Amino acid sequence: MQSFLQKVVHDLLGTYDSFDDLILVLPSKRAGTILRTTLAKTGNKTMFSPKISSIEGFVEEISNLQGASNMEQLFTLYQAYMTVGPMEKDSFATFSKWGQTLLQDFNEIDRYLIDSKDIFSYLADIQEMSHWSLQKEKSEMVENYIQFWNGLELLYNTFNDLLKAKRLGHQGLIYRTACEQLKEYITQTADKTHIFIGFNALNTAESYIIQEILKGGNADIFWDIDPYFLDDPIHDAGYFIRQHKNTWDWLKGKTLKGVESNYLSSKNIRIVGVPKNVSQTKYVGKLLMELQAHSNSDLKKTAVVLGDETLLNPLLNAIPTEIDSVNITMGYPLKNTPLASLFSQYFSVHIKKDQQGWYYQQLLDFLSHPYIQILCTENGRNTAFMLSEAIKKNNWAFITTKNLQSIEQGNQDLLELLFFREAVNSNTFIDCCERIIQLLRDRFLELKDALGLEYLYKFHTHFNQLREMVNEYSFVNDLKSLESLYAELIRNETLDFQGEPLEGLQIMGMLESRVLDFETVILTSVNEGILPSGKANNSFIPFDLKKYYKLPTYKEKDAVYTYHFYRLLQRARNVYLVYNTEPDALEGGEKSRLLTQLLTDGNILGSITEIVAAPEIVPSVKSLQSIDKDSGLMELVKEHAGNGFSPTSLSNYIRNPLDFYKRNLLGIDDVVAVEETVAHNTFGTIVHDSLEDLYKPFLGRYLDATIIKQMIAAVKSTVTGHFAKSFADGDISRGKNLIAFNVVVRYVENFLKLELREVEKHKIKILGIEEKLRININIPELDFPVVLKGKLDRIDEKDGRLRIIDYKTGKVTSPNVEIVDWEDCIGDYDYSKAFQLLCYAAMYNDSRPIDTIEAGIISFKNLSGGLLNFAVKEKKGSRNKDILITQETIAHFMHCLKTLILEIANPQIPFVEKEV
């Protein structure tokens, strides 16, 4: 296969003896690099290289203007905006959101040489008609709106004048200026020959420049198109070149150079549907492995063209390690680097700080950033980890600088750098960012992190650029504006890869593929909304106005994508077109119309194979986990038995043996976290502790109405004290926590009112509150001590009958504490409340043997149910219940309890997970 550029070079070598006076203009710099290399390889004699330019560089040279960076344009536009018109002005942070759209429109107007006065007048009239009002007087908002549109022409002229004063220009201004100075340039280069190579869609300015130079005589143009598309009057791939052929005077009656029939040559086209984006890159990785194995080459004639350039990162991870030579034409987006997220978070932390301080979640996220971890680790001491743990331990929902300094005494300089006390101006904030970069640089040098150092250097240059902008333009005087500027600066910036453009696998975007040819092409994301890009119209100029002034709309953009798509197919032998089979609004729509068009073309259909590929899915059968009891685990069981089984730990085992293994044997508890709102366990602790404080002064006494009323009066202060203790520094003055506080107060007050009604009818004497009990259980089959321990919430005597009472803040009902079969209490977690009551009864009996005793639960969510007594029933639903716990009851229970403990202590029975 002879590539387009090889054909052009052969033609040039046959036409020109010397290339000294040639100026070759191509669509891109990369195309120029490949052309120069092709020329060096093809030429059979020593010669000077011709001057090779990209179209943008060529037009800049004619205009004598330099291209302004996007940031420079945005600042200059805002400077112009602030001086134009009397209407109320947006801040720079707000302006930057819509200013980019205005820049694009100004750029288009100039590139297409539109009469600015005419189009802006037309646009203002349209907006005024869109906001007509029946009222004679327009509102201030409508007046400001109309004033803005009426002032656009002045804004446009002021903006261009400011740029020209600095010898700068946006692309459109450079193109318009070049058109104005073209005659002078043609005169100066009368002895030069211009060759234009591989162009397709041209804006009005480019079309004018090329036509004028062609009319001068010493010029030629090569088109990269197949006659199959050019001669078809409706095929979009030839849309623009057909237009040029029909409208350019210079082309009339001439045969187009470069047109060559390749499209219908022998090809292998495979259309591959793959579910989701990452799967596409995985498929490409597998395909590359197969291609390398089959061709036994370095894939230098293979290109992976990314329809969606955001797939670069997953593609890099999917390329097999066996492929060691890869050239990436695209840069890696700077916004995807860890350093970009670090500074974004740094901005956010200080912008969102309010009078209460920093919100804990934002601070924890910032402290967990990998670069902050590196920055805060010194001599084995991690300051960031210590701060995070202290925030969780102290339960700070909002954190002040004072809080942070009270925790960390050893690294005050770093703390002041990351979390400064007072609000700072833009220059000071940039200084802080530069200091962070310097500190990270020292760490990365120690770690020999070359990629990290590249990130740092790139951001160092960007912050220097930011400083220049801030010093030159006074309106960037707050952090929010600086953040907008920072985000805008890195939005389209890339970290360029260093590679060999002529060797190895080539990875590029659609625009980088212009004029280049490959034997094997792999094109990804061939979906609607990506290829072509769809009907998105990010512009202030409405569609009908664009049509009137012949500005490009989505229809022209579709034709551009169609040309690039078919041009890639022209000379390729093997083509793999990969698309996402799962339509998604964010990741592109259904299969592209370009694929449908291919499949309906009878001339190429015989070369196409269509398949749907999917990753092999091996269904994972979830098996319940089983932990064998080895000698080490048995030691943990013995240790736990010696320290004491609690009713809760045994209930954990009944619910799920694996929970018991993790929590009670290994001590893996819930992760410590900030309780922004009161957690259920904290809620329960506060209720228990409050009742303990209220009842303790009256131990051993009969309760009466006076005592209970005294307790009710003290509820609020008691609960407040326990909130301060159990909820650490949590704020209960507002929001959900204030509601939780009032709920606890209401729970305790309602319980005491229930108690008040009881003492009016019965004699109730408090015998114990939160009493700790511990008993040894004699199990002959075990050769180690077994202890049962627990804390009784309340022991009292009601009309001479002993009662054990357990408080529960959750909802409990009678069926939870009534059993029919004794085996249920150690086999079914639904009866865990009954099991716990029997544990307390057994422990109490061991210390003070009883004849009979009652045991029950007070459920604060079911207070109307009163005391829910433990009971034994003959069968479910029976109204005959035995609520008295006797020695016989305890004997039955102890037998069950020993059975349960023997199961836990049996090395032959593993801990088997239960489905909960």
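Principal axis extents for segment 534-611, Cα atoms only, whole Å, descending order, please.
Result for segment 534-611: principal-axis Cα extents of 44, 28, 19 Å.
Just to confirm the number: angle between the C-alpha axis of helix 92-111 and the first principal axis of the chain, 0 to 90 degrees, nearest 10?
20 degrees
Only Lys, Arg, Asp and Glu count, each charged at its Cβ (+1, +1, -1, -1), so figure out the dipole size of the chain about its Cα centre, rounded to 20 debye. Working shown, then result.
On the way: 99 positive and 121 negative charges, 267 e Å.
Around 1280 debye, computed over the chain.
For the peptides 243-249, 97-103, what is the packing order when you average, over each peptide's residues, the other Cβ atoms within 10 Å and list the highest mean first?
Most protected by this proxy first, the peptides run 97-103, 243-249.
What Rg and what Dmax come out for segment 1-105 when only alpha-carbon atoms are used, in angstroms?
22.0, 68
Per residue Cα convex hull volume for segment 335-495, in cubic angstrom?
On the way: hull volume 17.1 nm³, N = 161.
Looking at segment 335-495, the number lands at 106 Å³ per residue.
Which ³J(HN,Hα) values in Hz, rounded to whole numbers, follow from the phi angles of segment 317-334 under the Karplus curve 6.51 cos²θ - 1.76 cosθ + 1.60, where θ = phi - 60° and Gly and Pro get x?
Running phi through 6.51 cos²θ - 1.76 cosθ + 1.60 with θ = phi - 60° gives 6, 8, 5, x, 5, 5, 8, 9, 10, 9, 10, 10, 6, 6, x, 7, x, 5 Hz.
Based on a Kirkwood Rh over C-alpha pairs, give the Stokes-Einstein translational diffusion coefficient of segment 171-328 at 20 °C and viscosity 1.002 mPa s in µm²/s. Provide the component values of the computation, followed by the final result.
Details: Rh = 19.7 Å.
Reported coefficient: 109 µm²/s.
Can you list the aspartates and glutamates whose alpha carbon is less than 18 Å from that of K276, not counting same-chain residues fewer than 8 positions off?
D308, E309, E528, E582, D584, E587, E590, E610, E616
For segment 312-452, with only Lys/Arg (+1) and Asp/Glu (-1) charged at the beta-carbon, what is the dipole magnitude about the Cα centre, in debye rounded to 20?
380 debye
Put +1 on the Cβ of each Lys and Arg and -1 on the Cβ of each Asp and Glu in the chain; which of G790, V820, L694 then has its Cα farthest toward the positive end of the dipole?
Going by the Cα projections, it comes out as V820.
Apply the a/c threshold of 1.5 to the C-alpha gyration tensor of segment 442-541 and tell me whether it is rounded, prolate or oblate.
oblate
Around L802, which amide H atoms from residues at least 5 apart in sequence, or from another chain, sit under 5 Å from its own amide H, with H modelled in the peptide plane?
E854
Counting DSSP beta bridges with both partners in the chain, what percentage is antiparallel, nearest 5?
So the antiparallel bridges amount to about 40 percent of the total.
If you fit an axis through the alpha-carbon atoms of helix 735-761 and take the longest principal axis of the Cα set of the chain, what angle between them do you get, 0 to 90°, nearest 10?
It is inclined by approximately 20 degrees.
Shape of segment 774-898 from its Cα gyration tensor (a ≥ b ≥ c, root eigenvalues): rounded if a/c is under 1.5, otherwise prolate when a/b > b/c, or oblate?
Judged from the Cα gyration tensor, segment 774-898 comes out prolate (a/c at least 1.5, a/b above b/c).
Only Cα pairs under 8 Å and at least 6 apart count here; give the relative contact order of the chain as a rounded whole percent.
12 percent
With unit charges on the beta carbon (Lys/Arg positive, Asp/Glu negative), name the residue among Q887, A318, A841 whose Cα is farthest towards the positive pole of the charge dipole of the chain.
Positive-end residue among those listed: Q887.
Of the beta bridges DSSP finds with both residues in segment 631-912, what % are antiparallel, to the nearest 5?
Here the share of antiparallel DSSP bridges comes out near 75 percent.
Straight-line reach from K622: which lysines fall under 20 Å, measuring Cα to Cα and dropping same-chain residues less than 8 apart?
The qualifying lysines are K662, K914.
Given K51/K257; K51/K254; K215/K257; K763/K811; K763/K876; K7/K45, which pairs have Cα atoms separated by over 23 Å?
K51/K254; K763/K811; K763/K876
About the Cα centre, and with charges only on the beta carbon of Lys, Arg (+1) and Asp, Glu (-1), how big is the dipole of segment 436-484? Nearest 20 debye, please.
Roughly 100 debye for segment 436-484.
For the chain, restrict the atom set to alpha-carbon positions and state the Rg and Dmax in Å.
My reading of the Cα-based Rg and Dmax gives 39.7, 124 Å.
Calculated from DSSP H runs of 4 or more alone, at -39500 (n - 2.57) each and per residue, what is the 222 nm mean residue ellipticity of the chain, nearest 500?
Values: 35 runs with 445 residues, N = 916.
My calculation for the chain gives -15500 deg cm²/dmol from helical runs alone.
Apply the Karplus parameterisation 6.51 cos²θ - 1.76 cosθ + 1.60, with θ equal to phi minus 60°, to every residue of segment 451-467 and state each ³J(HN,Hα) to the nearest whole Hz, in sequence, with x for glycine and proline.
5, x, 5, 4, 4, 4, 5, 4, 6, 4, 5, 5, 5, 5, 5, 4, 4
Tilt of helix 116-130 relative to the longest C-alpha principal axis of the chain, in degrees (0 to 90, nearest 10)?
40 degrees
Between their Cα atoms, which of K97/K480; K267/K300; K89/K547; K97/K550; K725/K861 are more than 22 Å away from each other?
Table pairs above 22 Å Cα-Cα are K89/K547; K97/K550; K725/K861.
For segment 275-281, just list the computed ³J(HN,Hα) in residue order, Karplus coefficients 6.51, -1.76 and 1.60, θ = phi - 60°, integers in Hz, with x standing in for Gly and Pro.
Once θ is set to phi - 60°, the couplings for segment 275-281 become x, 6, 6, 5, 4, 4, 5 Hz.
For I23, enumerate residues with amide H under 5 Å from its amide H, sequence gap 5+ or separate chain, H modeled in the peptide plane.
T193, H194, I195
Normalise the Cα radius of gyration of segment 631-912 by 2.2 N^0.38 Å (N = residues in it) and let me know the number.
For segment 631-912, the normalised Cα radius of gyration comes out at 1.05.
Counting only residues 5 or more places away or on other chains, whose amide H sits under 5 Å from the amide H of G644 once H atoms are built in the peptide plane?
For G644, the qualifying residues are V787.
Do any trypsin sites (Lys or Arg not before Pro) in segment 530-623 lie in a loop, going by DSSP, with at most 16 other beta-carbon atoms within 10 Å of their beta carbon, and if so which?
Passing sites in segment 530-623 are K535, K550, R573, K622.
In whole Å, what is the distance between the alpha-carbon centres of segment 283-334 and segment 444-521?
When both Cα centres are located, 21 Å separates them.
Can you flag which of K393/K736; K353/K736; K166/K546; K353/K716 are past 26 Å Cα-Cα? Each step should come with its number before you reach the end.
On the way: K393/K736 20 Å; K353/K736 21 Å; K166/K546 31 Å; K353/K716 33 Å.
Table pairs above 26 Å Cα-Cα are K166/K546; K353/K716.
Each reported figure results from applying straightforward, stated rules to the coordinates on display, with no laboratory input. Everything numeric here is computed off the predicted structure, so don't read it as measured data. Cβ sites come from the backbone with ideal geometry, for glycine too, and all protein chains shown count toward neighbours.
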